[in-house]
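Taking it in order: structure first as structure tokens, then the write-up.
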Amino acid sequence: MKDLLKDLNKAFENKIRLGIMSALVVNEYLDFNHLKELLDVTDGNLASHLKSLEKKGYVTISKEFLNRKPNTKYFVTLAGKEAFTKHIRAIEKLLR
């Protein structure tokens, strides 16, 4: 049991961060507004969780302008995908 728990990642314990990573792992990228709608969270709440994942190196951003409006895209990094996959596998093993 102890071996299974060591693979759980504290960065993904929060349901919003878990949702962000789940969405980004299966998409090439998502923009801020799409993530906000998908997760049904406020701007500030989403921004703080994205910043946390970015600091860990699990998410990267790209900023651009579309029709003179700023648009921020979020991408999962290779390290993020690996860490998230390991976390999900640990949960799956715990459930067996």
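The values are calculated or read from the model by the stated rules, or taken from the named source; none is laboratory data. Given the structure is predicted, the values throughout are model-derived calculations rather than measurements. Here Cβ is always computed from backbone atoms with ideal geometry, including for glycine, and neighbour counts include all displayed protein chains. Accessible surface areas use protein heavy atoms only, side chains included; no ligands, DNA or RNA. Shrake-Rupley method; radii C 1.70, N 1.55, O 1.52, S 1.80 Å.
Couple of notes before you dig in:
- When VAL41 is tested against (1) in a helix (DSSP H, G or I); (2) under 14 Å from ILE16 (Cβ atoms); (3) among the hydrophobic types (A, V, I, L, M, F, W, C), just one condition goes unmet, and that condition is (1).
- When LEU8 is tested against (1) of a type in the set (A, V, I, L, M, F, W, C); (2) part of a helix (DSSP H, G or I); (3) modelled with pLDDT under 95, just one condition goes unmet, and that condition is (2).
- Every residue from the range 44-60 that is assigned to a helix (DSSP H, G or I), open to solvent by 60 Å² or more (accessible area, probe 1.4 Å) and either small (Gly, Ala, Ser) or touching a residue at least 12 places away in the same chain (Cβ under 8 Å) (or both): SER48
- Given (1) of a type in the set (Val, Ile, Thr); (2) closer than 28 Å to ASP3 by Cβ; (3) out of contact with any strand residue (DSSP E or B) (no Cβ under 7 Å at 6 or more places or on another chain); (4) at pLDDT 95 or above, index of the condition ILE91 fails: (4)
- Residue within the range 82-95 that is of a type in the set (A, V, I, L, M, F, W, C), open to solvent by 80 Å² or more (accessible area, probe 1.4 Å) and farther than 15 Å from MET21 by Cα present: yes
- Qualifying positions in the range 65-76 - open to solvent by 60 Å² or more (accessible area, probe 1.4 Å) and part of a strand (DSSP E or B): PHE65, LEU66, LYS69, PRO70
- Among residues of the range 75-95 that are closer than 16 Å to TYR29 by Cβ, those with a beta-carbon under 6 Å from a residue that is open to solvent by 50 Å² or more (accessible area, probe 1.4 Å) at least six positions away or on a different chain give the pairs PHE75/TYR29; PHE75/THR60; THR77/THR60.
- Hits in the range 5-38 - residues which are open to solvent by less than 50 Å² (accessible area, probe 1.4 Å) and more than 11 Å from the chain's Cα centre (by Cα): ASP7, ASN9, ASP31, PHE32
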